[in-house]
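Colleague: Have a look at the structure that comes next, please.
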């Protein structure tokens, strides 16, 4: 048996960027999903905290509900209210309630995050294709996507959680984006996401990963709230978000998509030096 001592390393140019939606390119603070989860549980006479609602963010919405229900404190509250521990039937009931609840607030939470248009325009200038992936289902994206398009964000490919067999952290939305965009290898693609499971999905797909801290779910503040927040408290929240994203393998963490250009420059330099996302 002979073993190569000089493994092939991709040295070519970047070819695509895959963006998450809420907390990354729209809905500063990813507030719409969090509010909907809290409301849905309240409709079933069970209170969940904002931290509990946000913890599984990035997963497909049914998986997200299941993850909340698996939290011991939430399961205990459910049992006190309903006399039984939640199971698949309860997950289905909550998910059926979630979709109309989420739809009601999407119009108020589909504004582009500042800097998105400029970042995407720079990607286009560099010849990069634009993909996207989201934990939203297709009925939700039927509302979000036209509104994002009216504001100038029109990706070449949009993948929802229900378009693949398993949502994040599985790599399949990333892989299917690459297939539909006809770009490869995976080292030529950058995944941008504000959730740990989104970063894990990008890493599992073999892509470069860029975490979003300040505008994303882990900080969880609207643009207006960040402007009004006490500086030390805001810095603490941003640093905690950075740590959480680095902990799951993010190659880079930036405060918002507005800071993406310098990351693309650095990745291109690393590729030219035969360094890949798995290095």
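Colleague: Closer than 21 Å to residue 214 by Cα, touching a strand residue (DSSP E or B) at 6+ places or on another chain (Cβ under 8 Å) and part of a loop (DSSP other than H, G, I, E, B): does that describe residue 58?
Modeller: Here the answer is yes, as residue 58 does meet what is asked.
Colleague: Restricting the search to region 186-224, which residues are assigned to a helix (DSSP H, G or I) and either more than 15 Å from the chain's Cα centre (by Cα) or not assigned by TED's automatic domain parsing to the domain that holds residue 241 (or both)?
Modeller: 186, 187, 188, 223, 224
Colleague: Ok, one more. When region 239-257 is examined, which residues are found to be surrounded by fewer than 19 Cβ atoms within 10 Å (Cβ to Cβ) and free of Cβ contacts under 8 Å to residues at least 40 places away in the same chain?
Modeller: 239, 240, 243, 246, listed by residue number.
Colleague: From 64, 8, which residue is surrounded by 22 or more Cβ atoms within 10 Å (Cβ to Cβ), out of contact with any strand residue (DSSP E or B) (no Cβ under 9 Å at 6 or more places or on another chain) and within 24 Å of residue 207 (Cβ to Cβ)?
Modeller: Going through 64, 8 in turn, the sole match is 64.
Colleague: From 202, 216, 167, 211, grab the single residue that is crowded, with 17+ Cβ neighbours inside 10 Å, modelled with pLDDT under 95 and touching a helix residue (DSSP H, G or I) at 6+ places or on another chain (Cβ under 8 Å).
Modeller: Going through 202, 216, 167, 211 in turn, the sole match is 167.
Colleague: Is it true that residue 183 is part of a loop (DSSP other than H, G, I, E, B), touching a strand residue (DSSP E or B) at 6+ places or on another chain (Cβ under 7 Å) and farther than 18 Å from residue 30 by Cβ?
Modeller: In short, yes.
Colleague: Among the residues of region 114-139, write down those that are under 21 Å from residue 214 (Cβ atoms) and either modelled with pLDDT under 95 or outside the structural domain of residue 217 (by TED's automatic domain parsing) (or both).
Modeller: Scanning region 114-139 gives 134, 135.
The values are calculated or read from the model by the stated rules, or taken from the named source; none is laboratory data. Owing to the predicted nature of the structure, the values given are computational and were not obtained by experimental measurement. Note that each Cβ is placed from the backbone with ideal geometry, even for glycine, and that neighbours are counted across all protein chains shown.
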